[in-house]
Amino acid sequence: MFELDFNSEKPIYLQLYEEIIIGISKKELHYGQSLPSVRAMAEEIGINLHTVNKTYNLLKEEGYIAMDRRKGAIINPFPIEVKDTQHEEWTHTLKLLAAKSILQGMDEKTFLDSCKMAYKQTGGE
Amino acid sequence: MTANILLFGFVFTLIYMSILFSQTLSKKNTFFGVFIEEKDKKAKDLLQFKQHFQIRITIIYILSLASLLFYFSINENSLLLLLHIFLSLILYFFIYLRTHQQIKRYKDQHFSTEIANKKVIINPTFIEERNKWKTIFTLLSCIPLLIACFSCLTLIVHYPSLPNEIPMHFNIAGEVDHYAQKSVLSVFQISFLHFLISILFLFITRWSFQSRVQLDLEHIEQSTTDAMRYLKLVGLNFFILNLLISVLFGIFPYSILTGHIPSAKIMMILIVLLFVNVGSLIAVYAHYGQRKFLSTPESRTYSLEDEDRYWLWGVFYNNPDDPAIMVQKRFGVGWTINIGHSTGKIILIGTLIFTFLAIFMGFLANK
């Protein structure tokens, strides 16, 4: 189940991208399952097909889904193959999060505990 | 003559009642085509607008029915009936429009026009199941289409051996009361309509399954189940309606080839089934059609149709940026075409053209 918010500052294509990744991680979507077609997804949300295409292309580039000509977008098996640029981006995102946490006055233990909880809540074991 | 008056009075009354109850059957958060939160609908002024609407509609109904009965008793002219129906529909519409504008003005003055909650829920499992049923009902819709093909082929095969004068209309007693000269037009005009309506039903069935349904965030599972059941029941009723109409159209080639229509008993059964089917459709809309959960602004999912700016008179939906071809109506039950969509424009113009074509063909064939 994906939840999108048209009132949010974050663009819809990015919200959808994040929701799908979390959905896969939480095992709400599993390997081999098809996502709705670009057209069906666009009609359901009420946005342009290009916007959904953007999301699906992003997910495909990063290895979360594969585009099959007949079945459409299919979830890839895990773990995915991570390219170097992707790993750099991941490290950067983590550093940014750490920096924000430090500036908010969070100590290391709280930071790690929060990380643990987030990991568990999004499907990690 | 009495039978005709009763029949026409009945049709007239049906039209009146459907408009009278349109708002009651309309989806939640809409009031005469204006988006108004359920909690705000209870305002006394708004209820007064509704009462005035009902009173004015009833006055029009009584006056036009009286006028129709008066003129019909003098001269049984079907053109008179059409005129009365047409004029009363125009008047009904203007009363609706006035009410709609009053309520829109009231909303601008008393409620916030910006929608607070714009959350959307996407359920891939639901979409998958909906697609499955869309395919099932699309295949079922091919059955009436096959009946149309079969009827047309039968007429093509037997065309050379048809008499020069073919029966065009039967009265209640089963006797022919109108003949027409045999021509491609007179013989195949019904086939033309038959194909048209079967194809229209096929597309409308598909598009209704593709349309958005709004869920209740506080009852996600239940409202999803209800939405699925609603679509399946509408699909089933549409299919039965499509099938019944197809069978009724099939009576034309039957009557041309045999020289008579099926027994009065069979015709009666078909017509009763038709009414039962339409009644069933209305019951499905009334029970399931997006009216079930009285939701608060926080618990409702958002949909583009909630925005007033895409609606003309609260009746026509015009949003070129919306990929959906059909959306749920605001006033009344069922769906309406997105006239901002390129396919929507084609459907609208196409339907108008084909309607006039059908009437024109009828004129030509009966000359």
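Brief remarks follow.
- Hits in segment B:25-49 (condition: free of Cβ contacts under 8 Å to residues at least 24 places away in the same chain, within 28 Å of B:Y310 (Cβ to Cβ) and not aliphatic (A, V, I, L, M)): B:K41, B:K42, B:Q48
- If you check B:I166, B:I127, B:I147 for being closer than 30 Å to A:G32 by Cβ, surrounded by 16 or more Cβ atoms within 10 Å (Cβ to Cβ) and aliphatic (A, V, I, L, M), only one passes: B:I127.
- Unique residue being more than 14 Å from chain A (Cβ to nearest Cβ) and modelled with pLDDT under 95 when the list is B:L82, B:L146, B:L97, B:L140: B:L82
- Count - residues of segment B:349-367 that are touching a strand residue (DSSP E or B) at 6+ places or on another chain (Cβ under 6 Å) and either part of a helix (DSSP H, G or I) or without any contact (Cβ under 8 Å) to a residue 24 or more places away in the chain (or both): 1
- Taken together, A:E9, A:E62, A:E44, A:E19 contain a single residue that is under 16 Å from A:P79 (Cα atoms) and either of a type in the set (D, E) or facing chain B (nearest Cβ under 7 Å) (or both), which is A:E62.
- Single residue of segment B:105-124 satisfying the filter (surrounded by 17 or more Cβ atoms within 10 Å (Cβ to Cβ) and without any contact (Cβ under 8 Å) to a residue 12 or more places away in the chain) that is nearest to the other protein chains (Cβ to nearest Cβ): B:I122
- Filter result for B:S211 (in contact (Cβ under 8 Å) with a residue 12 or more places away in the chain and more than 30 Å from A:M41 (Cα to Cα)): no
- Filtered by the rule that a residue be closer than 26 Å to A:R39 by Cα, of a type in the set (G, A, S) and not in a loop (DSSP other than H, G, I, E, B), segment A:59-112 gives A:A66, A:G72, A:A73.
- Exactly one residue out of A:K54, A:K26 is more than 9 Å from chain B (Cβ to nearest Cβ) and modelled with pLDDT of 95 or more: that is A:K54.
- Every pair of residues 6+ apart whose Cβ atoms lie under 6 Å, when the first sits in segment A:43-63 and is without any contact (Cβ under 8 Å) to a residue 12 or more places away in the chain and under 21 Å from B:I121 (Cα atoms) while the second is of a type in the set (S, T, N, Q) and part of a helix (DSSP H, G or I): A:E43/B:Q210
- Matching residues in segment B:181-212 - criterion: being of a type outside the set (S, T, Y), buried (at least 19 other Cβ atoms within 10 Å of the Cβ) and not in a helix (DSSP H, G or I): B:R212
- Given (1) touching a residue at least 60 places away in the same chain (Cβ under 8 Å); (2) β-branched (V, I, T); (3) crowded, with 18+ Cβ neighbours inside 10 Å, number of the condition B:T138 does not satisfy: (3)
- Members of segment A:18-69 that are aliphatic (A, V, I, L, M) and more than 30 Å from A:Y119 (Cβ to Cβ): A:V38, A:A40, A:A42, A:I47, A:L49
- One residue stands out in segment B:21-44 among those that are under 16 Å from the mean Cα position of the chain (by Cα), in a helix (DSSP H, G or I) and at pLDDT 90 or above: the one that is nearest to B:I62 (Cα to Cα), namely B:S22.
- For segment B:75-89, the criterion of a residue being within 30 Å of B:S112 (Cα to Cα) and in a helix (DSSP H, G or I) is satisfied by no position.
- Residue match in segment B:246-268 (condition: without any contact (Cβ under 8 Å) to a residue 40 or more places away in the chain, in a helix (DSSP H, G or I) and polar (S, T, N, Q)): yes
- Answer residue from segment B:213-238, given it is charged (D, E, K, R) and assigned to a helix (DSSP H, G or I) and is modelled with the highest pLDDT among those: B:K232
- Enumeration of residues in segment A:21-42 that are closer than 27 Å to A:G124 by Cα, out of contact with any Pro (no Cβ under 9 Å at 6 or more places or on another chain) and free of Cβ contacts under 8 Å to residues at least 60 places away in the same chain: A:I21, A:I24, A:H30
The values are calculated or read from the model by the stated rules, or taken from the named source; none is laboratory data. Worth saying up front: this structure is predicted, and the values here are computed from it rather than measured. Glycine also receives a Cβ, built like all others from the backbone with ideal geometry; neighbour counts cover every protein chain displayed.
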